[in-house]
Amino acid sequence: MKRLPMLLALLCAISIVPVSANSQTPQKPDRQVAITIDDLPAGMADRLPAADITAMTTKLLGTLRDQKIPVVGFVNEKKLYKAGEVDARIKALQMWLDYGFELGNHTFSHASLNQVGLKAWEDDIIQGESVTRLLLAPRKMKLRYFRHPYLDTGRDLQTRRQAEAFLVERGYRIAPITLDGWDWMFAGLYEDAKQRNDTALQQQIVKEYLSYHDAAIAYAEQLSKQVVGYEPKQILLLHASNLEADHIGDLLDVLRKRGYRFITLEDALGDQAYSLPDTYVGEEGTSWIDHWAITQGKIPQGAPPFPQWVIERTKQLHLSTGQVSAEPAP
Ligand SMILES: [Zn+2]
């Protein structure tokens, strides 16, 4: 990903211009976004006891339900299998349905199509269906959405197309993403600060997490216009974490300030943008706006740089959140 500091500075400058400086009421654009949350029951399920996962889930889903935000959560069933905690972890997953949300498949073990090869990846998808299907069945709900781990969609076009055909055959619709503020990176650091009761650092992380999302979303909006010709119904990628449980309300406010209202994934996927030509292949998973840009021969430029101190601190802690294959670019 190319990152130009000048453009970031420009974006920041634009975003801090007080909109109420003159007497005219600014017209908010009508923007729409579907919220998706990956790595259920929790991104850091390996390190969190079931009680913490349940508490995190209760808080996260409470906010989303209170604010009537439609959400699809994407499951890695492998995270359910911890000795003595399987029932409790399944219950945490069940809560998503009890609260009125939907579940999708994110493979059993969070396998990357770019790493494990097509056959193993397909097996991982099938293995990842068992519990989720059982939970959906009594509600007459189908497992209909799939999210690629690491957003890795294949290193070559043949693999990509075969994988897509496999997904269609099993009744899945791919859930692309267009907005991504790398919340999992902030979440790892936040979890560590929370466990050490370092509230000052937690606040610092939250501030950065919100401002980076604002900048990343502004960037995606302008890239959308260049590539799609308009701002499509966007799809935001988030992850199940204590950071989101504690602060998703603040993030939703950032989105509202940008003029967003919240729609279902089904509604978002009805946007014709999601039928645009897409021949993207690559080592690095990325947003579908990048897919469409690269397919058109455009090189996405001007993405805001990820805050360096978050990268440095994450390295120092040797945090592995199990959510990405690649280290972020410096
Ligand atoms: Zn994931």
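The values are calculated or read from the model by the stated rules, or taken from the named source; none is laboratory data. Quick caveat: nothing in here was measured; it's all calculated off a predicted structure. Heads up, the Cβs are rebuilt from the backbone with ideal geometry, glycines too, and the neighbour counts pull from every protein chain shown. All accessible areas refer to the heavy atoms of the entire protein, side chains included, with ligands and DNA or RNA removed. Shrake-Rupley method; radii C 1.70, N 1.55, O 1.52, S 1.80 Å.
Name every residue in segment 79-92 that is open to solvent by 10 Å² or more (accessible area, probe 1.4 Å) and part of a helix (DSSP H, G or I), in order of residue number. K79, V86, D87, A88, I90, K91, listed by residue number. Only residues that are assigned to a helix (DSSP H, G or I), aliphatic (A, V, I, L, M) and in contact with a strand residue (DSSP E or B) (Cβ under 8 Å, 6 or more places away or on another chain) were counted in segment 93-130, giving 3. Here is the figure for segment 173-222: residues that are open to solvent by less than 30 Å² (accessible area, probe 1.4 Å) and farther than 26 Å from D46 by Cβ total 10.
Of the candidates E102, E77, the single residue that is away from the ligand (no atom under 16 Å from the Cβ), touching a residue at least 40 places away in the same chain (Cβ under 8 Å) and within 25 Å of M44 (Cα to Cα) is E102. Picking from residues in segment 127-157 that are β-branched (V, I, T) and surrounded by 22 or more Cβ atoms within 10 Å (Cβ to Cβ), the one that is farthest from G117 (Cα to Cα) is T132. Being open to solvent by less than 60 Å² (accessible area, probe 1.4 Å) and away from the ligand (no atom under 16 Å from the Cβ) holds for only one residue in T107, T36, T54, and it is T54.
Looking only at residues in segment 110-119 that are free of Cβ contacts under 8 Å to residues at least 40 places away in the same chain and open to solvent by 50 Å² or more (accessible area, probe 1.4 Å), the one that is nearest to the ligand (Cβ to nearest atom) is V116.
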